[in-house]
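Quick notes on the structure that follows.
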Amino acid sequence: MADLQAYVDTHAGAKGVKKLRRALALAEPNTESPMETRLRMQLVKARLPRPLVQVDLHDASGNFLGRADLYYPERRLVIEYDGESHKDRLVPDLRRQNALINAGYCVLRFTAADLRVPGSVAAQVRRARSMLAKPLG
């Protein structure tokens, strides 16, 4: 990322630099899969705030519960992308989800099928964000 940014900074008028600058502004190196990126980009393109990526989540006692693919801390909203491999991890994923909910997090889960329905993911995230009260203080 630093090398790309340095190139953009030193080649302002070069062909393609304008597009590269836009791509860099949207890039998120911590994303762990192309589908997580697609999910995140649907939210960004829908003008929702940029979620944090790959965030460690803990309960009130500080116990590690899991890592969120995407996260809105001001709403405690966890957004997960479930790919094909999640079929093999269904039981631990459900236990993790229950632990997150019991610790006060809200969890939304999406699949490739959800991403193919234009506007669906962003609408659900927007609705959840509006329903989740912003904590005081």
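In summary, the aspartates and glutamates within cross-link reach of residue 18, defined as a Cα separation below 14 angstrom excluding same-chain residues under 8 places away, comprise 9. Ordering 35, 41 by the number of other Cβ atoms within 10 Å of each residue's own Cβ, fewest first, gives 41, 35.
Taking 7 Å steps out from each Cα toward its Cβ at residue 48 and residue 123 produces label points 1.3 nm apart.
Please work out the FRET efficiency for the pair residue 18 and residue 102, using the Cβ-Cβ distance as r and a Förster radius of 41 Å; give the result to the nearest 0.05. Computed FRET efficiency for residue 18 and residue 102: 0.30.
Note: the chain, Cα convex hull, 149 Å³ per residue. With neighbours defined as other Cβ atoms within 10 Å of a residue's Cβ, the residues 129, 67 order from fewest to most as 67, 129. Were the residues from residue 90 through residue 60 laid out at 0.36 nm apart, the gain over their Cα-Cα distance would be 8.3 nm. Close amide-amide hydrogen proximity is noted between residue 66 and 57, each under 5 Å apart and 5 or more residues distant or on a separate chain (H modeled in the peptide plane; Pro and chain starts excluded). Looking only at 104, 83, 62, which one moves most when the chain is put into a Gaussian network model with springs between Cα atoms under 10 Å? Comparing 104, 83, 62 in a Gaussian network model of the chain, the most mobile one is 62. Each of 57, 4 was scored by other Cβ atoms within 10 Å of its Cβ. Arranged with the fewest first, they read 4, 57.
For the residues 103, 46, 12, a GNM of the chain with alpha-carbon springs under 10 Å puts the largest fluctuation on 12.
With springs only between Cα atoms under 10 Å, which of 124, 42, 97 fluctuates most in a Gaussian network model of the chain? Among 124, 42, 97, the largest GNM mean-square fluctuation belongs to 124. If I model a spin label as a point 7 Å beyond the Cα along the Cα-Cβ vector, how far apart are those points for residue 112 and residue 37 in nm? Each label point is offset 7 Å from its Cα along the Cβ direction, giving 1.6 nm.
Laboratory data are not the source of any read-out in this text; all were calculated from the coordinates shown. These numbers were taken from a predicted model, which means no experiment stands behind them. Note that each Cβ is placed from the backbone with ideal geometry, even for glycine, and that neighbours are counted across all protein chains shown.
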